[in-house]
1. With springs connecting C-alpha atoms under 10 Å apart, model the chain as a Gaussian network and identify which of VAL148, VAL186, VAL57 has the largest mean-square fluctuation.
2. Run lengths n ≥ 4 of DSSP H only: what is the helix-derived mean residue ellipticity at 222 nm for the chain, with -39500 (n - 2.57) per run over all residues, to the nearest 500?
3. Peptides 367-376, 76-85, 62-71, 202-211: what's the order by average Cβ count within 10 Å, highest mean first?
4. On a straight-distance basis, which lysines could pair with LYS26 in a cross-link, Cα separation under 16 angstrom, same-chain partners fewer than 8 positions away excluded?
5. Exactly which GluC sites (Glu not before Pro) in the stretch 280-382 are in a DSSP loop and have at most 14 other Cβ atoms within 10 Å?
6. Give me the percent of Cα-Cα pairs in the stretch 12-116 that sit more than 23 Å apart, rounded to a whole number.
7. Which one is right for this structure if volume of the Cα convex hull per residue in Å³ is calculated from it: (i) 181; (ii) 142; (iii) 127?
8. Which one, ALA101, ALA313, PHE271, projects farthest toward the positive side of the charge dipole computed for the chain from Cβ point charges (K/R +1, D/E -1)?
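Since every read-out is calculated from the coordinates, none of them should be taken as a lab result. Quick caveat: nothing in here was measured; it's all calculated off a predicted structure. A quick note on method: Cβ atoms are made from the backbone with ideal geometry, for glycine too, and the neighbour counts reach across all protein chains shown.
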Amino acid sequence: MRIGINASFLRKPGTGIGQVTVHFLKKLTLSANSDQTTFILYTEEPVDMELPVNFTVRSFLPQYWQRDDLIRKMLWERQVAKEAEKDGCDAFLSLYQSSTAFQKSSMFHTMVVHDIIPELFPEYRGNFRQRYTWHRVKQGIRSADAIVAVSEATKHDLVEFGIEKERVSVASPDVAPVFRESYDEVAGKAILDTYHLSPGYIYHGGGLEIRKNTAGLLRAYRKLKEKSDPHALPKLVISGKIHAVGNKLATPVKQLLYDFDLEHEVLLLDFVPEAHLPALYRNALFFAYPSRYEGFGLPVLEAMTQGIPVLTADNSSLPEVAGPAALYVEAENDESIASGLERLIHDETLRSQLSLAGPAASTRFRWDTFVDTILKITMTSR
């Protein structure tokens, strides 16, 4: 059997879908080393990855549009279907929701859907390109023979979106292996020194998209500053790529720090390498993540593996992932977030309970299960 895989996000390992793509393929190469099944990884750029003999990589760009933007992404996703057909694939796996569709082909198409954010948040389809791209992605989702949602919450969203419940399975990813490894205290201290940090801060990471609600967190933190002794308030540390001014889908975090007079209380780290994240989590008083929506919520699971308390929102997949290891707040209610922050700052007993619950609850998620479920559907559903 020959299986084609959309591995496009290998070029974006810093994103959530990129992380899932990288670790899915690493686990797949270890578990699917068989002469009876061959895999073709389709990418937009050449990749540097050790692969077994039954794996090959095919890299290409659309002939008439090679600028890295939404148009290229969509054209590539449409062309990859034709390339897989030419290569004689028996089945195709899209590792994320895409516009790839096999209209007149017998090839079985499995698509992993992480979320349907543009359907739920109109600001993510604010211009013509975004609207048209989402229109084509919706066509891709609807045309897939089998869909794998990364959470029960995403499955629910897909059913509400009009996808038949019987077509949707659920398989959830795990964290990167670095979060499951034993922690090196000496190396961790060196990482903190790199950022001029001392233990005991509030940590907020996972990106600066507007739906992550960094703005809501900053408004809530400002409320605490206004009624607390500033010297007794733990520092707030925020990591995430700083986007260009004017990006309507990114939080203007630098401007907000100035507007809220928080430039001395909040430390902005920009993008942080994955290898540094365990140290940032472990040395935090707690992790604050009041996101407005998550298809899965990988940063919450990362924090749980490191045994630190989590404050997160009571929406989408977040309660499903965090379970008993989090204090829940209302993402759209600044008072609720502020109250949650204040409670975790002062309630040591609650912090201890959440810390103990995190690692145990995190064991529900395993790469083996995720990969095996998707591979079984892709290979046997027809």
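1. VAL186
2. On the way: 14 runs with 155 residues, N = 382.
It comes out at -12500 deg cm²/dmol, rounded to the nearest 500.
3. Numbers: 367-376: 17.5, 76-85: 20.0, 62-71: 11.6, 202-211: 22.3.
The packing order, highest mean first, is 202-211, 76-85, 367-376, 62-71.
4. Straight-line reach from LYS26, under 16 Å: LYS12.
5. Working: sites: GLU294, GLU302, GLU320, GLU330, GLU332, GLU335, GLU342, GLU348; in loops: GLU294, GLU330, GLU332.
Passing both the DSSP loop test and the Cβ count: GLU332.
6. Values: 1467 of 5460 pairs.
Counting pairs separated by more than 23 Å, the tail of P(r) holds 27 percent.
7. Only one option fits the structure, namely (ii).
8. ALA101
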